[in-house]
Every structure is written in C-alpha cells, then in structure tokens.
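Undergrad: The following block contains the structure, expressed as structure tokens.
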Amino acid sequence: MSWLRATFVRFRSLFRKRQLDRELNAELTGHLELHIADNLRAGMTPEAARRDALLKLGGVEQTKESVRDRRGISFLETLLQDFRYALRSLVKNRALSFVAIFALALGIGATTVMFSVVYNVFFDPLPYKNFNRYVVFGIQNLANVGGWKGRGFFSLEEVRAFREQNHVFEETIAHNGYRLLYDNGKYTHHWPRGEEVTTNTFEFLGVPPLLGRTFSEEDSRPAAPPVFIMNYRLWQSEFGGDPKILDTVFILDGKPKTLVGIMPQRFNFFGASFWLPVSDTKASGSVVGRLKPGVRAQTAAADLDAIAHRLQKENPQGIFPDKFSIVPETLLDSFIGGFRKTLYALLAAVLLLLLIACSNVANLLLLRATVREREIVMRATLGASRFRLIRQLLAESFVLAAVASVAGCVLAYFALKVVVALIPAGTLPEEVLIRMNVPILFAALGLTLLTTVLSGLAPVLHIMSGDLQSRLTGSGRNVEGNLRHGKLRSSLVIGEVALSIVLLIGAGLLMRSFFILTKADLGFDPQNVLYFRLALPKAYNTNIDVTREKKNALTRQVLERMQGLPGVTSVSESMLEPPLRYDWSDTIIPGKPHTERWETRFEVCSAGYFQILGLPLLHGRLFSEDDVNANRHVMVVNESFSRQYFPNQDPIGHQVKLEVLDRPFLDAPHDTYFEIIGIVPDYKTLDDDGRSWRAFPQTFIPYSVQGFSHRTYMARTFADPKVLLKNIQQEVRAIDPSVEIETSGTLTASLNEFYRRPQFEVLTLGTFAFIGLVLVVIGIFGVMAHSVSRQTHEIGIRIALGAQRTDILSMVFVKSLRIIAAGVAIGLLASYESSRFLASEVSGVSISDPSTYGVVTFIVVAVGLLACYLPARRATRVDPMIALRYE
Amino acid sequence: MGDKKDVWQGTLALMVLKTLEALGPLHGYGIARRIEQTSGDLLSVNYGTLYPALLKLEQEGYIASEWGVSDNNRKAKYYKLTRAGRKQLEREAREWQQTTAILARFLSGKEPAS
C-alpha cells in the first residue's frame, strides 16, 4: 500500500509547490555548507572546498530538478501547465476567443436542442412496453368508387376475426371512443372523450396504475360490478387530484360505476380521459397489435389482408370495397406522421450548422496559429517535443470547446423551452416529453470532443507540416507556407459559405411557401366567423325516422335564435367548417361515364352558408326555405364543378349522385340523384397534401335531407365573435337543456392553429440559417482581416508606387469576391440536390424556385462583401512609410 | 577513484534505512557521508541522487523529516526512521540476506545438504 500513500502525497504536493521549493532550497544550501565546512576542516582552500562540494552533489539545479520530478506527478503538472497556458492565451486574444466560443456555443446549443427533440420523439416517445412493435392498420379502398378511401374502424365481427385469426401478433387490443355524461349531483356534463378497451389493454401496455388497479378479465363479465379507470388529467382538472375518490361510485350515463384506478401522468393512451372495460366478444373499433419478434409490418399486412378478404367473401353485403388492401403503420408513425420528415430535415440542417461552426472555429484557430507560428517554431527548436506541442494546441481547443459546450448547454436549455413551446399542439402524442436528459448531455459532451479534435486538428497539422528550420530562418512571412495555409483557410470559408447557402435556401423555400399559404385568397373572408358543434344526447340518435326530423327541428330553431342575437349578420348550419375540414364523395352523373376518380367535395348546409362565405349566385337559384322544409333533392354546384364535369354546357337541371350517401349505415338518401339548381363561385379548401389551398369541384345539398351529419353552426358577426358564444349557449339550452356545445372557435383561430406547424419549421430553420449567416460573416471577416494585415507590406509598396484607394479596395474586394463566389456556386449546386428533402414541407413553390435562389445569393454576396468592408478600409489607410518599415 | 562502485538502485534505500537505524536522526549530508564510510570508501555516492531517494522513502512513509540544528549550529533537515520504516528495513534486510545466501551457495557450487 506504500505506493498508494506515495501517490496521494505526490498528488497533494502539486498544491504546495512554493513551500516545498523553499524547503528544498534550504536543505540543499545546508548540505553544501556542511560539506564545505568538512572540506575546509580537511585542509582545502575555500575555493576548492566549494567546487568539490558542488561536484559531489552533481549540481544544485540538477538535483532540484530530479527531486521535483519525484515530488509531484510530472505528467499531471505539465497538463495543468498546458491548460493554464491555454487559458492565458485565450484570455489574451479575448475577441478571437469570444467569437470562437460564441460560434461553437451556437452550434452545440442548436445541435443539443435538435438532438433532444429527436431523441425524445424517436427513441423514447412512449412509456409503453415494446411500443416499437405496436402496429395499427386500416383498410385502403383501391377501387375508384365507393366514396371513401379507407377506414381504421372495424365492426365487432371484424375485430374478432383479426384478433383471433392472425398469425403475426403476440397480442392484440381493441379500443373504441366513448362519450359519457357525468352526474355530480348538481348537474350533468360530458367528460372529455374516453375509450372502451379490451381488458388486457393495461397489461399489454405494461404501465402500472398510479393508484388502485387496472382491469382484470372479470371486469368485462356481464354480471361483474361496473368499473372504470381515470386518466391523470381528468383526475387533476375535475377532482383536484384527490386520492379519496378512488373506489367511490360515480354516476355515469345515469348508472353507477366504481373508480378502481388512476393512471400516471404519462399515460394517455389514444388521448382518452377515462377507460371502460369491454369483453373480447363485444369489442369493436380499432385494433392495435404487438408484432411477434422479428415479424415485419409488411408481413403482418399480408396476413391481415387474407383475413379481411375472407371476411369479405363471408358477408358480401359487409362494408368492404371491391378492391382493397390492409395498410399497416407503426403506432408511433400513426401518431407522428409527417412530422418525422420535418424533424429529420431540421436535424440535417442543424448538423450543417454545426459544421459551419466547427470550420469557423478551426479557421480562427488556424489564423491564430499562423500568427503564433514563430513562437511555436521557437519552442520546437528549443526542444519541445511534437507531442508536447500538439498537446498544448489540443488543450487550447479543448478549453475553448469546454467553455463553449457549457455555454451551449445553457443556451440549449432555454432554446429547448422555446422550441417545445413552438411545436404545435397535436403534432406529437401527449406522452412525448421533450427535455434535456442524460443521453443528451453525453451527446453534447461527445460533440465537444468532436469539435475539439476537428478544430484542434487544423492548426496542429498546419504547424507540424513542413520543416521547422526554414520557418524559423524565414522571416515568418514565408511566401510558400503562407500560400498553403491561406488556401486551407480560404477553402474553409468557401465551405462555410456553401453550407450557409444550403441552409438559407432551405429556409427561404419554407418561408415563401409559408407566405403563399397564409396570404392566399381563400375566396371568402374567414374573419369574424364563429363556429360551434353540438353534442346531441342519445335521444337524438335512437330511431332513424324520428331523429332526422328531431335534428332538423333543432337546427331550424337554433338558426332562428342565432339570427336574432345582436351583432350577428348571417348564420348557417353545415356539416363542417371551411376551409380546413371537408367531406368528399365520388360523383356519378348520368350520361357521363368516366374511369378516373371524380372527386367532389360536398357540404350539407342551410341556405345561409352561401351568405356567410359571401358566395354570390352566378346562375340559377340557391336553396329556398321551401326546398329545405320539404327536404327537396336539389343541389348547388360551384364553378369548378361546372367547368370540370360540364364543359361548354349548362349544368342546371342535370342530375348528380353522391356515392358516399349510399353507405348502408348512413341516415341519408340512398341511390338518390340531386338536381342542379344553381352555380356559385369557387372557394378554396385544404388540398390533399394538407399544406396548400385549392378550389375543388364542390356541391351543396340541403341539410334537411339527411340525419347523419355533424351539426356545425357558423355565425358571422360585426365584432369579436368569441363574445357571442355565451349568448348562444343560453339560447341552445333554452331550446333543449340536454344539448351541449361540444367544440367551438373562430375560423381565424383554427387557421392560426393550422399555421403553427409550418411556422415552427420556418422559425427553426430560419434561425439556423441566420446563425449560419452570422458565422459566415465572422469567417469572411477573419480571413480578410488577416490577409490584409499580412499584405500590409505589399499594399504599402503599391501605394508608394502610386496605386489609388480604389485600386487597393478592388484588390481586397476581388479577393473576397472570389472566395464568396466559389462558396455560392458550390452552395447553389448542393442546394439544388438537397432541397428535395424539403419537398414534403414545401408547397406552392418549386423546390428550385429561381427567385429564392436569387435572393439568397444576393444576400450572401452582399453580407459577405460587407464583412470585408472593414478590412478593405484598413487596407486603404495603410501608410506606405510605416508599412515599408514594418518588416 | 576508478575502482569505486556506484551505488545500485534499490540498495540505496536499504542503506539509508540501515544508517538511520544505526545512528538515529540524521541530515542528508550525514547519511551520504556515513554510507561512504561504512562501505570503506569503496562506494561513491553522488550526493544529489540521495535526495530523490529520501523523498521517495518519505512519501512511502518509511522515514519522517524534521527541521533541526546541526552540531556546528546550522539549520538542517533531519530524517528519522518511522515504525513502518523499521518493519520495511527488517523485511528488506531479510530478503537481501536470502538473496545473497542463495547466490553464495550457487557460486560455491556445493550441493544443498538434504
């Protein structure tokens, strides 16, 4: 153990150097004096006595050095020295260090943020056991008829068949939305949507309850006492998180049910606020399966496809289209969808940014290395080993990177909050928690290391290359050497410019497409329009013959009362509110056979709908009061419809069938032809890509002919439409107290919510691009400033020989222009190749949009030239006398 | 001076410990001189090499140091044996004797008495 003790003592002595040095000095002095005294006693002359003592000791300094070696831990000491020296030299070059740290911190900060987001979204998004293997699936209609494209909702028999007959899932669950009324003793109201789930669901998901228990198989037996489980949010919002409500009885839909469990906060399966048990034999709705290990989603699809086709054969009148296939999707994809691509694009962007930051730092360090070249060459000549010199330079960049990564993490901490706030609600499932965590911190540390090596390597290579001797004897302005590092630095800047062009063009394309999206003329004014949907109690959905009349009567009364409210200019009832929501159908027009899909968007609405959207009648007539009251099969179409299906023909009087109404379970006129009575202008709705507006062929039929649709009401007002909601609520309750307003909002608010996603992309990528541009400015400035200071001598001679200011200016500008132009050219080419990754995010503008490319090129060149203005001005102010003496 | 032997590495530590055991607390110069005298001036000690060795022994806890005053009234650092040092001396001396005994037997060519 003595070596351990020794190491400890040695380590401790690192910190009491001065005292130990003093003591050593005294001891050796004492030694010499004793020896000299002895020698004198032996009869030597004083001079010889001293000489002999020194010789015998082997030199005072040498002895001290070997004692010092033994005393501390020399490797540690020199390392400390390296770091101390690194700190000192970084502090000395304050401006340069600050810029380098700033650049790195930005790069690391932005990268950490994006990595945090990506990690949490892709690698740790859901708290469920083996969620990677969860698959959801639906039926996709491959026939061009039938009026619908797909469904993920299955009947009782279908659910049973899929669950029992498949060979690909380890286990499956079925779940179905459920709404219920809660009676708190004073009044009843709807809870947010819940779900009916098979009893194995909680075990399947593998999340234990926060309180109480989850379902067991007994809970779904007919005679079992009715129970339910509550989610955390409902527990908090309605019951203040009171644990005493566990095991108490709630009156739900008029019947008692016992609350047996409360789930933890991070459990939000399919966004339900409560869960009810359903037996395997009674489950309908959607199915989630956990793939057996090693089975791929595509294999599963083939297996399920066979089951579905068997089902189709067994019940021909079932609701399967003629041609269809099963389309599987992992659960995560079904949640995140297109956002995955967005995140990948942003991740790529942030890596480009990090590259810019690193090359910037490398450039700055390289620049300093050339300035310090003589010092380093001197040290090498005096015997510093290459290893020591490399370690010194690496220490410098390590200190730089360490400071920068601390700054970057702090930056990331706050930036992450901003980014999380910017991610639109509903883009990510609620279970996803985005935060900085340990893996991310490690990633940041890894980045630091990478950055250190990357930015430290350039100067080290530079110094180690070539012959030290010639550098020392050459005046430090060695022409050949200069040219070479000049080239390395220039190519770094060229790279930076190119990368920043790629970022800027990406951001530019997104920005343009964002403006096209938000500034588009929809064909109607969405300002000051309130909408709301009614939640109808079960009484409205019992018997088809009664419900339609009951709903129509309700609608008539609601419209009447709304119209009477102060501040309301027009009111309407429709299925959905434009422009984000729509329904559509395949269209059949007698005498007009077609093979391609004739897709028509349709609306079942009151006559007020045209008024609210401000669609003037172009030809024919609109719905009359009588049409609506008599449930007449009449139809208004828009110009696109007329143009597309009745070219050079008057559509009025023709018959049109909407196939979607034929679905057997809908309370709608089956196999019915509507007569076209009028034409209105187009307005735009959301295109199928979900990112742009388009005018589709559109038809309108009176709401009174059917009983299935949502009842969505709109009111156009003079002032803030939100104020109206309270009045409307009273009016609705006055008509029927059991009817509630389910959702409400304004058209502008829902548009703004819709814009948040592209806004998020524009803001994030725009910020990255801006930071990139700033870094490029720093890079260009650094290189030009340095090259001007190197050329002071040459410029002095030129001025002395009669060069004008403009000559000098153009000399500097031409040089930087050459660098910028090279970067721009490479960047434009790279952008042309890489912007296709953005294709899914960009709409309304080509991904090789010339004006975006033009503007970005202009900005980069302008900003780049601006960056070398200061160095250029300094060049023109060179005093030839001083410059010539400078040598 | 040509036939004098340099001190072997490793043995110096043993000599220092033995010297301190024999003479009690002593300063560096004294130790060096004592080693030379004991060897009958057959060994030449570079006094400088003594100090790192002393430091090492001290770091390992076999000796301790203390400032004191020498015979002719000079300030000097005195080293003395610690308890751990005494044990270490015994151990090292035993090992050394064993080694020399083995070598001696080896060199004399005699068969071990069985």
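Undergrad: Could you grab me the full set of residues in segment A:179-202 that are of a type in the set (D, E) and surrounded by fewer than 18 Cβ atoms within 10 Å (Cβ to Cβ)? Don't jump to the end; show me each part of the working.
TA: First, the residues of segment A:179-202 that are of a type in the set (D, E): A:183, A:195-196.
The one that is of a type in the set (D, E) and surrounded by fewer than 18 Cβ atoms within 10 Å (Cβ to Cβ): A:D183.
Undergrad: Would it be correct to say that A:R50 is away from every other protein chain (no Cβ under 12 Å) and modelled with pLDDT of 80 or more?
TA: Working: away from every other protein chain (no Cβ under 12 Å): yes; modelled with pLDDT of 80 or more: yes.
In short, yes.
Undergrad: Residue check: is B:E90 at pLDDT below 90 and within 30 Å of B:H27 (Cα to Cα)?
TA: Considered against the rule, which asks whether it is at pLDDT below 90 and within 30 Å of B:H27 (Cα to Cα), B:E90 comes out as no.
Undergrad: Take A:R68 and decide whether it is more than 26 Å from A:L355 (Cα to Cα), within 44 Å of the chain's Cα centre (by Cα) and part of a helix (DSSP H, G or I).
TA: On the way: more than 26 Å from A:L355 (Cα to Cα): yes; within 44 Å of the chain's Cα centre (by Cα): no; part of a helix (DSSP H, G or I): yes.
Criteria not met by A:R68.
Undergrad: Another question, then. Quick one: is A:T672 at pLDDT 90 or above and of a type in the set (S, T, Y)?
TA: Values: at pLDDT 90 or above: no; of a type in the set (S, T, Y): yes.
It is false that A:T672 is at pLDDT 90 or above and of a type in the set (S, T, Y).
Undergrad: Can you tell me which residues in segment A:196-219 are outside any loop (DSSP other than H, G, I, E, B), under 25 Å from A:K292 (Cβ atoms) and in contact with a strand residue (DSSP E or B) (Cβ under 7 Å, 6 or more places away or on another chain)? Steps first, answer last, please.
TA: Let us first name the residues in segment A:196-219 that are outside any loop (DSSP other than H, G, I, E, B), namely A:196-198, A:201-205, A:211-212, A:217-219.
Add one more test, that the residue is under 25 Å from A:K292 (Cβ atoms), and what stays is A:197-198, A:201-205, A:217.
Of everything in segment A:196-219, those that are outside any loop (DSSP other than H, G, I, E, B), under 25 Å from A:K292 (Cβ atoms) and in contact with a strand residue (DSSP E or B) (Cβ under 7 Å, 6 or more places away or on another chain) turn out to be A:V197, A:T198, A:T201, A:F204.
Undergrad: Given the structure, is A:F83 closer than 30 Å to A:A357 by Cβ and either at the interface with another protein chain (Cβ under 10 Å from one of its Cβ atoms) or surrounded by 15 or more Cβ atoms within 10 Å (Cβ to Cβ) (or both)?
TA: Numbers: closer than 30 Å to A:A357 by Cβ: yes; either at the interface with another protein chain (Cβ under 10 Å from one of its Cβ atoms) or surrounded by 15 or more Cβ atoms within 10 Å (Cβ to Cβ) (or both): yes.
So A:F83 fits the description; yes.
Undergrad: On the given criteria, is B:A93 surrounded by fewer than 18 Cβ atoms within 10 Å (Cβ to Cβ), out of contact with any His (no Cβ under 6 Å at 6 or more places or on another chain) and part of a helix (DSSP H, G or I)? I'd like the intermediate steps shown before the answer.
TA: Numbers: surrounded by fewer than 18 Cβ atoms within 10 Å (Cβ to Cβ): yes; out of contact with any His (no Cβ under 6 Å at 6 or more places or on another chain): yes; part of a helix (DSSP H, G or I): yes.
Yes.
Undergrad: I'd like to verify a number: residues in segment B:60-84 that are within 16 Å of B:L20 (Cα to Cα), more than 10 Å from chain A (Cβ to nearest Cβ) and not aromatic (F, W, Y), how many?
TA: Residues meeting the conditions: 8.
Undergrad: Sticking with this structure for a sec: Among A:R643, A:R663, A:R621, which is the only one that is over 26 Å from A:T547 (Cβ atoms) and under 43 Å from the mean Cα position of the chain (by Cα)?
TA: Only one candidate passes the filter, namely A:R643.
Undergrad: Kindly indicate whether A:V604 is within 41 Å of the chain's Cα centre (by Cα), under 21 Å from A:D671 (Cβ atoms) and crowded, with 21+ Cβ neighbours inside 10 Å. Give the derivation first.
TA: Working: within 41 Å of the chain's Cα centre (by Cα): yes; under 21 Å from A:D671 (Cβ atoms): yes; crowded, with 21+ Cβ neighbours inside 10 Å: yes.
Yes; evaluated as a whole, the condition is true for this residue.
Undergrad: Using the structure shown, decide if A:H31 is touching a residue at least 24 places away in the same chain (Cβ under 8 Å), in contact with a Leu (Cβ under 8 Å, 6 or more places away or on another chain) and facing chain B (nearest Cβ under 8 Å). Break it down stepwise before answering.
TA: Values: touching a residue at least 24 places away in the same chain (Cβ under 8 Å): yes; in contact with a Leu (Cβ under 8 Å, 6 or more places away or on another chain): yes; facing chain B (nearest Cβ under 8 Å): yes.
Answer is yes for this residue.
Undergrad: While we're on this one: Restricting the search to segment A:824-873, which residues are loosely packed, with under 15 Cβ neighbours inside 10 Å and over 25 Å from the mean Cα position of the chain (by Cα)?
TA: Those that are loosely packed, with under 15 Cβ neighbours inside 10 Å and over 25 Å from the mean Cα position of the chain (by Cα): A:L829, A:P850, A:S851, A:G854, A:F858, A:A862, A:L866, A:L870, A:R873.
Undergrad: Now a separate question. What's the total number of residues in segment A:503-556 that are assigned to a helix (DSSP H, G or I) and within 28 Å of the chain's Cα centre (by Cα)? Break it down into steps so the answer makes sense when it comes.
TA: Residues of segment A:503-556 assigned to a helix (DSSP H, G or I): A:503-518, A:538-541, A:544-556.
Keeping just the survivors that are within 28 Å of the chain's Cα centre (by Cα) gives A:503-518.
Residues meeting the conditions: 16.
Yes/no per residue for (1) touching a residue at least 12 places away in the same chain (Cβ under 8 Å); (2) within 13 Å of another protein chain (Cβ to nearest Cβ); (3) among the acidic types (D, E):
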residue: B:M15; (1), (2), (3): yes, no, no
residue: B:P25; (1), (2), (3): yes, no, no
residue: B:G28; (1), (2), (3): yes, yes, no
residue: B:I31; (1), (2), (3): yes, yes, no
residue: B:Q37; (1), (2), (3): no, yes, no
residue: B:L42; (1), (2), (3): yes, no, no
residue: B:Y47; (1), (2), (3): yes, yes, no
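Undergrad: Moving on to the next point. Name every residue in segment A:389-435 that is under 25 Å from A:F102 (Cβ atoms) and in contact with a Pro (Cβ under 6 Å, 6 or more places away or on another chain), in order of residue number. Steps first, please.
TA: Taking segment A:389-435 first, the residues under 25 Å from A:F102 (Cβ atoms) are A:392-422.
A:L393 - this is the single residue of segment A:389-435 that is under 25 Å from A:F102 (Cβ atoms) and in contact with a Pro (Cβ under 6 Å, 6 or more places away or on another chain).
Undergrad: Please go through segment A:53-64 and pick out each residue that is surrounded by 13 or more Cβ atoms within 10 Å (Cβ to Cβ), more than 8 Å from chain B (Cβ to nearest Cβ) and closer than 27 Å to A:F11 by Cα.
TA: A:V60, A:K64
The values are calculated or read from the model by the stated rules, or taken from the named source; none is laboratory data. Note that the coordinates shown come from a computational prediction; the quantities given were computed from them, not determined experimentally. Here Cβ is always computed from backbone atoms with ideal geometry, including for glycine, and neighbour counts include all displayed protein chains.
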